[in-house]
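The next block holds one structure in the form of structure tokens; read it before the comments.
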Amino acid sequence: MDFNDTPEEAAWRTEVRGFLEKEYPQELRRGAPRARTAGSSGDGEPNEVEGLFRSRDANTSGVMKQWRSALASRGWVAPAWPKEYGGAGLDTKRQFIMNEEFAEFGAQNVGGFGVMMFGPTLIVHGTDEQKKEHLPGILKGEVQWCQGWSEPNAGSDVASVQTRAVRDGDDYVINGQKIWTTGAQYSDMMYMLARTDPEAPKHRGISYFMLDMHAPGVTVRPLITMTGSATFNEVFFENVRVPARNRLGEENRGWYIGTTTLDFERSSIGSAVGIRKQLESIIRFAQEHPELSVGAKKHATRAALADRWIEALVARMMSYRVVSMQNAGLIPNHEASMCKLFTSEMGQRIAALGMKLTGPYGMVVGGAPQYAAAGRFGSGYLAAVSSTIAGGTSEIQRNIMAQRGLGLPRD
């Protein structure tokens, strides 16, 4: 593993830093109000509401449009996409450096599920007509996408989905339910899996669809989480008609399309940097508000802070390992699961550390700025609960590591 940039990579890092310094809106920098992101809990997944351009605050909406425009001018809305589709066509190492610098700067990415997950899948498996229809809207931020994977009885075992899609002439008629659908209440389209052959083995009877969230028969019900926010939703489909041209790939082969992993960022470097920044925010709070940092003098709190700091450095090294493999043409598998498992569980430990520091002040909601700042640790503590579930549970990650990393038999 080489920790040093080549001269070309160093120049690229300087270019990215210069771009951020010049173009990142002042309103979104530290100390200014900004939309919450999944990174606030250190999980690095696109789990927060992606509808940044649907903000009721016209100023925030305008700021995000300005930021998107700056990114789009360089193809950086979707840096991993080929240039022919509006991306930047960056190689693995340049993507990693860009992600690392964005995380260090605290800059928000744009695009969400459409850019990170659905777009790359469409580029590989879609027809020319489908690409022309859907890719431009994703890049421009005109069409927001959500993911229709999980169901009440098909969470970690997604292949058990029971939402049905029955062919009827030029359409499919879809009935069923999805749950934990992030940002569905803000989305225009959903990429989803539905069962088209109930008699086939569960992995072989699934098809992949692009569904209009505004179509008749679609009902979205927000789910209020412990933090009081409606991040997730349950979505119901009652005789929803989806044109057959909106099926991606062959009928009954959707599972294999759904497992296509084209996400350019598997190293979790954003999470590793974000976790270190959370630790820095804990230290900064203790320095600025000693009267509210009731746990700062406790040996256990200080020891936990030291342990978490070491773990943050370990997380970064794990990220470097994954990107080094990618740069060498290898495909990280259990190594990526190790990154996800380690950073998500560490994020929960850091959230607990924030509560140890602030004690009862961490449970305050609102009030004077210093009390509101303390209360954010409590909100973060609640938000961190989902980090070991979203993006693949810790149990699933451990199974992958055991089977593919250690060669152990299936459970």
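Summary table
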| item | result |
| --- | --- |
| Residue match in segment 44-61 (condition: at pLDDT 90 or above, surrounded by 11 or more Cβ atoms within 10 Å (Cβ to Cβ) and assigned to a helix (DSSP H, G or I)) | no |
| Single match in 401, 355, 325 (criterion: at pLDDT below 90, in a helix (DSSP H, G or I), outside the structural domain of residue 90 (by TED's automatic domain parsing) and more than 24 Å from residue 182 (Cβ to Cβ)) | 325 |
| Identity of the residue in segment 319-337, closer than 14 Å to residue 269 by Cβ and under 17 Å from the mean Cα position of the chain (by Cα), that ends up surrounded by the fewest Cβ atoms within 10 Å (Cβ to Cβ) | 336 |
| Filter result (surrounded by fewer than 20 Cβ atoms within 10 Å (Cβ to Cβ) and part of a helix (DSSP H, G or I)) within segment 103-116 | 104, 105 |
| So residue 345, is it under 27 Å from residue 282 (Cβ atoms) and in a helix (DSSP H, G or I) | yes |
| Within segment 141-184, tally of residues that are without any contact (Cβ under 8 Å) to a residue 60 or more places away in the chain, assigned to a helix (DSSP H, G or I) and within 22 Å of the chain's Cα centre (by Cα) | 1 |
| Hey, residue 281 out of contact with any helix residue (DSSP H, G or I) (no Cβ under 8 Å at 6 or more places or on another chain) and either of a type in the set (Gly, Ala, Ser) or farther than 28 Å from residue 340 by Cα (or both) or not | yes |
| Residue among 230, 244 that is of a type outside the set (D, E, K, R), within 30 Å of residue 168 (Cβ to Cβ) and not assigned by TED's automatic domain parsing to the domain that holds residue 335 | 244 |
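The values are calculated or read from the model by the stated rules, or taken from the named source; none is laboratory data. Values in this document were obtained by computation on a predicted structure and should not be read as measured data. All Cβ positions, glycine included, derive from the backbone under ideal geometry; neighbour counts span all protein chains shown.
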